[in-house]
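Written out below as structure tokens is the structure these notes cover.
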Amino acid sequence: MDTTERFSGRSQQYVKYRPSYSQEVIQHLIQEIGIISSNFVADIGAGTGIFTEKLLEQHIQTVAVEPNDDMRSALIQHLQSYLTDSTQDKLLLTVSNGSAEQTDLANESVDHIVCAQAYHWFNAELAQTEFKRILKQGGQVVLLWNQRDVGASAFMNDYDALFLKYGKEYDEVKHKHISQTSLKSFYGGYEPQLASYQYSQQLDRAGLFGRIQSSSFSLQETDSRYDEYSADIEHLFANHEQNGMVNMLYRTDIYWGQML
């Protein structure tokens, strides 16, 4: 499947059930990386705009670049007020249907690039060339993920086992394969800096099903194993719920550096 189409049909689950990002993460971008309100930032692989909204809340002018029509439509619907607010001197948000490999942005037009939960879908070599083209001198590239903290609890272990059992290609692309060393070539031969923050998400039964269905690896109802899959999700929730909730634990990893 074309990686830009992996989330087609999943945008509503993505908007409703995917985790957001902690205020600590946003403050790290501002205080440690130097992304400020006077900057123009490209959020590439913006999806439904979960991280885009965090930038906009800090009054950072942002272009959201998202190639998937379904996800981009959900972003526009969710962030419509930032596209139409006539009280501002300039609109904080613009939206592009470009991709990481071909953003359709002008040369040296953005101060920084942010990719939240997206880089692992890119063609890294083509994206590197494109990022260098659109970045202003001294601009930072920030790659970040809400990484499920596998091993942090029995529930997290069993959740991971569910995807290892049913998730197509899950083990090959899950985010644990991302590291400072693996990103070194992307950043021009230098290891990016890394910081991590803890985050958690409380989910009821419907929330757990929705969170799972938002994944590109989740089985669709047309799959012959779907009934067995649904039964395993029910067992997962029943075995770990406390007061009708399960606690999804994340570690938000932030990598950043210049494109040298």
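Could you tell me the center-to-center distance, by alpha carbons, between the stretch 144-165 and the stretch 199-260 in angstrom?
9
With +1 on each Lys and Arg Cβ and -1 on each Asp and Glu Cβ, how big is the dipole of the stretch 43-120 about its Cα centre, in debye rounded to the nearest 20? Mind dumping the intermediate values first?
On the way: 3 positive and 12 negative charges, 24 e Å.
For the stretch 43-120, the charge dipole is close to 120 debye.
Under the 0.36 nm per residue contour assumption, what length would be gained going from the current alpha-carbon distance of LEU91 and SER153 to full extension?
On the way: separation 62, 0.36 × 62 = 22.32 nm, distance 4.34 nm.
The span from LEU91 to SER153 would gain 18.0 nm if fully extended.
Report the full-extension gain for the segment LYS184 to ASN243: residue separation times 0.36 nm, less the Cα-Cα distance, to one decimal in nm.
Here the segment from LYS184 to ASN243 would lengthen by 16.8 nm.
Taking springs between alpha-carbon atoms closer than 10 angstrom, which of GLN242, GLN102, GLN117 fluctuates most in the Gaussian network model of the chain?
Looking only at GLN242, GLN102, GLN117, the largest GNM fluctuation is found for GLN242.
For helix 124-134, what angle does its Cα long axis make with the longest principal axis of the chain, in degrees from 0 to 90 and rounded to 10?
30
Can you give the angle from 0 to 90° between the axis of helix 154-166 and the longest principal axis of the chain, with both taken from C-alpha atoms, to the nearest 10?
Result, in degrees: 90.
Can you give me the long-range amide H partners of ALA46? Hydrogens built in the peptide plane at 1.01 Å from N, cutoff under 5 Å, separation of 5 or more residues or another chain.
VAL65, GLU66
Once you order the gyration tensor axes a ≥ b ≥ c over the Cα atoms, which shape class does the stretch 168-260 get: rounded for a/c under 1.5, otherwise prolate or oblate by comparing a/b with b/c? If you can, show how the numbers build up before the last one.
Numbers: a/c = 3.84, a/b = 1.86, b/c = 2.07.
Note, shape of the stretch 168-260 comes out oblate.
Rounded to whole Hz and in sequence order, give me ³J(HN,Hα) for the stretch 186-191 from the Karplus expression 6.51 cos²θ - 1.76 cosθ + 1.60, θ = phi - 60°, writing x for Gly and Pro.
So the Karplus estimates, Gly and Pro as x, are 4, 8, x, x, 10, 5 Hz.
Give me the extension gain from ILE36 to ASN107: residue separation times 0.36 nm, minus the current Cα-Cα distance, reported in nm with one decimal. Please list the in-between numbers first.
On the way: separation 71, 0.36 × 71 = 25.56 nm, distance 2.08 nm.
Gain on stretching ILE36 to ASN107: 23.5 nm.
From Cα pairs below 8 angstrom and at least 6 apart in sequence, can you work out the relative contact order of the chain, rounded to a whole percent? Don't skip to the end; give the middle numbers.
Numbers: 452 pairs, mean separation 56.5, N = 260.
That works out to 22 percent.
Relative to the longest principal axis of the C-alpha atoms of the chain, give the angle of the C-alpha long axis of helix 226-240, reported between 0 and 90° and rounded to the nearest 10°.
90
Let me confirm the definition first: pairs of Lys residues in the chain, 8 or more apart or on different chains, C-alpha distance under 17 Å. How many are there? Don't jump to the answer; show the numbers that get you there.
On the way: LYS16/LYS54; LYS132/LYS184; LYS165/LYS174; LYS168/LYS176; LYS176/LYS184.
Lysine pairs meeting both conditions in the chain amount to 5.
Does the chain come out rounded, prolate or oblate, given a ≥ b ≥ c as the square roots of the eigenvalues of its C-alpha gyration tensor, rounded meaning a/c under 1.5 and, failing that, prolate meaning a/b above b/c? Please list the in-between numbers first.
Values: a/c = 1.72, a/b = 1.55, b/c = 1.11.
Prolate is the answer for the chain, as a/c is 1.5 or above and a/b outweighs b/c.
Does the stretch 16-135 classify as rounded, prolate or oblate by the C-alpha gyration tensor (a ≥ b ≥ c root eigenvalues; a/c under 1.5 gives rounded; else a/b over b/c gives prolate, otherwise oblate)? Please report the intermediate quantities before stating the final value.
On the way: a/c = 1.26, a/b = 1.17, b/c = 1.08.
Cα axes put the stretch 16-135 in the rounded bin.
Taking the beta-carbon count within 10 Å as an exposure proxy, list LYS16, LYS54 from fewest neighbours to most. Working shown, then result.
Details: LYS16 14, LYS54 21.
Fewest to most other Cβ atoms nearby, the residues stand as LYS16, LYS54.
How do ASP227, ASP70 line up, fewest other C-beta atoms within 10 Å first? Spell out each step's value before the answer.
Working: ASP227 11, ASP70 17.
Listing ASP227, ASP70 from fewest to most nearby Cβ atoms yields ASP227, ASP70.
Each value in this text was obtained by applying a stated rule to the coordinates, not by laboratory testing. Bear in mind the structure is a predicted one, so any value in this text is a computation, not a measurement. Note that each Cβ is placed from the backbone with ideal geometry, even for glycine, and that neighbours are counted across all protein chains shown.
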